[in-house]
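Please read the structure below before turning to the comments.
What follows is calculated from the coordinates using simple rules that are stated; it is not laboratory data. Keep in mind that this is a model prediction, so the values were computed, not measured. Because the Cβ atoms are built from the backbone with ideal geometry, glycine has one as well, and the counts that use them run over all protein chains shown.
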Amino acid sequence: MNEIHLKTIDSTNTYAKKHAPTFPKGQITCVIAEEQTAGRGRFHRTWDSPKGGNLYATFYFLLPASSKSLMSLSQIMACSMAKVLLTEHFSPKIKWPNDIQLSGKKCSGILCETRFQGEEVEIFLGIGLNVNMGQDLLGNIDQPATSLFVESGKEWNQLEILQKLQTQFASDLALFTKKGFAPFHNFFDKLLLFKGEKIRCFDGKKEWTGLFHSITSDGQLNLQLPDGSMHTMLSGDISHD
Ligand code: BTN
């Protein structure tokens, strides 16, 4: 994997989008920063990215523009991160589509951006993990948040975690490009929060309320509406109703 290490940058996703034409083709480029001054989250939110041992990385690669289930790439990355955390003896849960929680609080978020270029699509898959963030800074975040440090009581080397994530993701991506989301469905499903429960889901435009019925074969959410009909959500932000 090609790696680019930066000290301070606005956002690793923004940097990757700007510099992608210079990245080698045919392999994954991973852009890593020690701190971000304008870290971005989903739905135009910000991602708090102070210096001091968190993980901020963007994975860049190309896929054929005709690839199916591009939408589930963030779920694949969530699976990769969850697997790494499981091997470190944490008990991660996934809040669909791609937030990772520990003890009911968010520790990791994923932002997937795409850019179509003729026959190919460029993928900018950004992931943030709160590694050594203390309670003081976590308290500034606009939703309940935690870090590996807070959960385990010890400091972690974020570059060691990154290396494990790179290995896991490279293997998961290879499987995904061959077989799609199917081989991940069971693992993803087992770690899901709110399944079978009443939820609200904001799709970027509208808020839906219903029962979290199931996950489709390519990682979308089947929401059972009050009239019994099924609404499939490609992406969104869910919470307990
Ligand atoms: C979210 O939960 O809303 C997604 C957060 C994604 C944060 C990561 S940190 C590395 C990469 N660069 C960014 O600006 N955002 C992503």
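Miscellaneous remarks
- Net length gained if the chain between THR37 and SER66 were fully extended (0.36 nm per residue, minus Cα distance): 7.0 nm
- If R0 equals 30 Å, the separation of the Cβ atoms of GLN135 and LEU159 corresponds to a calculated FRET efficiency of about 0.80.
- Segment ASP189-THR87, extension gain: residue separation times 0.36 nm, minus the distance between their alpha carbons: 34.9 nm
- Student exercise, the stretch 45-171 dipole from Lys, Arg, Asp, Glu Cβ charges, in Debye to nearest 20: 280
- Under the shape rule built on the C-alpha gyration tensor, where the axes satisfy a ≥ b ≥ c, the chain is oblate, since a/c reaches at least 1.5 while a/b does not exceed b/c.
- Derived scalar couplings between HN and Hα for the stretch 149-165 equal 4, 5, 6, 10, x, 9, 7, 10, 8, 5, 6, 5, 5, 4, 4, 5, 5 Hz in order, rounded to whole Hz, by the Karplus curve 6.51 cos²θ - 1.76 cosθ + 1.60 (θ = phi - 60°), x for Gly and Pro.
- Peptide ranges 47-58, 17-28, 68-79, 204-215 listed from the most packed, as the mean C-beta count within 10 angstrom indicates: 68-79, 47-58, 204-215, 17-28
- Charge dipole (the chain, unit charges on Cβ, about Cα centre) - positive-most of GLY52, GLN224, GLY180: GLY180
- Size of charge dipole - the chain - debye, nearest 20, with Cβ of Lys, Arg +1 and Asp, Glu -1, no other charges: 260
- Net charge dipole size for the stretch 194-240 [Lys, Arg +1 and Asp, Glu -1 on Cβ; Debye, nearest 20]: 80
- Where Cα atoms sit under 27 Å apart: lysine pairs in the stretch 21-141 separated by 8 or more or lying on different chains: 17
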